[in-house]
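Asker: My questions will all concern the structure given below.
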Amino acid sequence: MAETSTRTIDLDPDSPGRSVEVTLSEAGTGRTALVLHGGGGPATVQPIAAHLSGAMHVLTPVHPGWDGTARPGWLSEIGDLAAVYLRLLRDEGRRDVLVIGSSIGGWVGAEMAARDDAGLIAGLVLIDSVGILVDGEPIRDFFALDARGVAEYSFHDAERFYVDPATIPPEQAAQRAANMATMRVFAGDPYMHDPGLRNLLGQVEIPVLVLWGDSDRIVTPGYGQALAAMFPQAEFAVVNQAGHLPQLEQPAATFGALDAFVSKTVKG
């Protein structure tokens, strides 16, 4: 069973004002996996965390500002978030870490891998990630979509996942709006990418799996292929009949691809 706790992360202990509290769920034992959610919040990666916890020690943070958690004013860029999670891994002495990120969580993971001077991360999985610009494969303007548009562009089976806003309880609607506002802080301008990240990915020497839903119209499979090509040791795999969140639409196929990759990155 997952346990939830709060960690205080000090990016620079000698410089006051650069600390943040991170809410973290932990489950399982063994090699560490850090599972990073996207704009939809931690619920969108809970199936991944639950699956991996059968054989790994899984850490699933709530990005500060999501689901009612506090976000300090200085924490406003994805690179800042990457630095926070690298500090968390270092402070807790975690090595041989598998980082898995969905959507903007993949962007966080890519930034972490590019900044990992201590060699804490041993494998990286990017699931329908954002983070760079790709010529001819624009990232859909998520902020411009209504509920129907989110379902149509995000999922293979839009009807199954469409939620009528009128049926959402006020508290949940308010939380979704707050999550969206936080995502806009981190990823609104420049939109869904870091202009400097692309040139750093070629220096990431760890194995990378880029996993994509074949029906994703937020970021297309063509975008995913181009992202994979940025890494020296990346493989690109497609999950059929899935969109932006294949772990929700096709969990068995997604977990199969994850398990195969994990087995390849186990240190002998």
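The values are calculated or read from the model by the stated rules, or taken from the named source; none is laboratory data. Bear in mind the structure is a predicted one, so any value in this text is a computation, not a measurement. FYI the Cβ positions are ideal-geometry reconstructions off the backbone, even for glycines, and counts take in every protein chain you see. Ligands, DNA and RNA are stripped out before the accessible areas are found, and what is left, the full protein with its side chains, is counted by its heavy atoms. Shrake-Rupley method; radii C 1.70, N 1.55, O 1.52, S 1.80 Å.
Asker: Would you mind getting the accessible area per residue of the chain, heavy atoms of the protein chains only, 1.4 Å probe, in Å²?
Answerer: Details: 11640 Å² over 268 residues.
Value for the chain: 43 Å² per residue.
Asker: What distance in nm separates the two pseudo spin-label positions at THR167 and TYR191, each 7 Å out from Cα along the beta-carbon direction?
Answerer: 3.0
Asker: Let me know the shape class of the stretch 1-134, please: from the alpha-carbon gyration tensor, a ≥ b ≥ c as square roots of the eigenvalues, rounded when a/c is under 1.5, otherwise prolate if a/b is greater than b/c, or oblate.
Answerer: Rounded, since a/c falls under 1.5.
Asker: Place a +1 charge on the Cβ of each Lys and Arg in the stretch 157-259 and a -1 charge on the Cβ of each Asp and Glu, then give the dipole magnitude about the Cα centre in debye, rounded to the nearest 20.
Answerer: So the dipole magnitude of the stretch 157-259 works out to roughly 240 debye.
Asker: Once neighbouring chains are kept in place and the probe is 1.4 Å, which whole percent of the accessible area of the chain is contributed by carbon and sulfur?
Answerer: 50
Asker: If you add up the charges near ASP116, with Lys and Arg at +1 and Asp and Glu at -1, over every other residue whose beta carbon is less than 14 angstrom from its beta carbon, what do you get?
Answerer: Working: positive: ARG87, ARG90, ARG94, ARG95, ARG115; negative: ASP96, GLU111, ASP117, GLU205.
That sum, taken over residues with Cβ under 14 Å, equals +1.
Asker: Shifting gears a bit: Mean residue ellipticity at 222 nm from the helices of the chain, using -39,500 (n - 2.57) per DSSP H segment of n ≥ 4 over the full residue count, to the nearest 500 deg cm²/dmol?
Answerer: Values: 9 runs with 90 residues, N = 268.
Computed ellipticity for the chain at 222 nm equals -10000 deg cm²/dmol.
Asker: Here is a follow-up. Starting from the Cα gyration tensor of the stretch 63-189, multiply each eigenvalue by 5, take the square root, and state the resulting semi-axes largest first in whole Å.
Answerer: Equivalent-ellipsoid dimensions as semi-axes: 29, 18, 14 Å.
Asker: Still on this structure, please answer the following. If you take the alpha carbon radius of gyration of the chain and divide it by 2.2 N^0.38 Å, what ratio comes out, to two decimals?
Answerer: Dividing the Cα radius of gyration by 2.2 N^0.38 Å gives 0.94.
Asker: About its Cα centre, how strong a charge dipole does the stretch 18-123 have in debye, to the nearest 20, once Lys and Arg get +1 and Asp and Glu get -1 at the Cβ?
Answerer: 100
Asker: Restricting everything to alpha-carbon atoms, can you work out Rg to Rh for the stretch 121-229 with a Kirkwood hydrodynamic radius?
Answerer: Rg/Rh: 1.01.
Asker: Under the definition of Cα pairs under 8 Å and six or more residues apart, what whole-number percent is the relative contact order of the chain?
Answerer: 18
Asker: Sticking with this structure for a sec: On a full-extension model of 0.36 nm per residue, what is the gain between GLU235 and GLU205, subtracting their alpha-carbon distance, rounded to one decimal in nm?
Answerer: 9.5 nm
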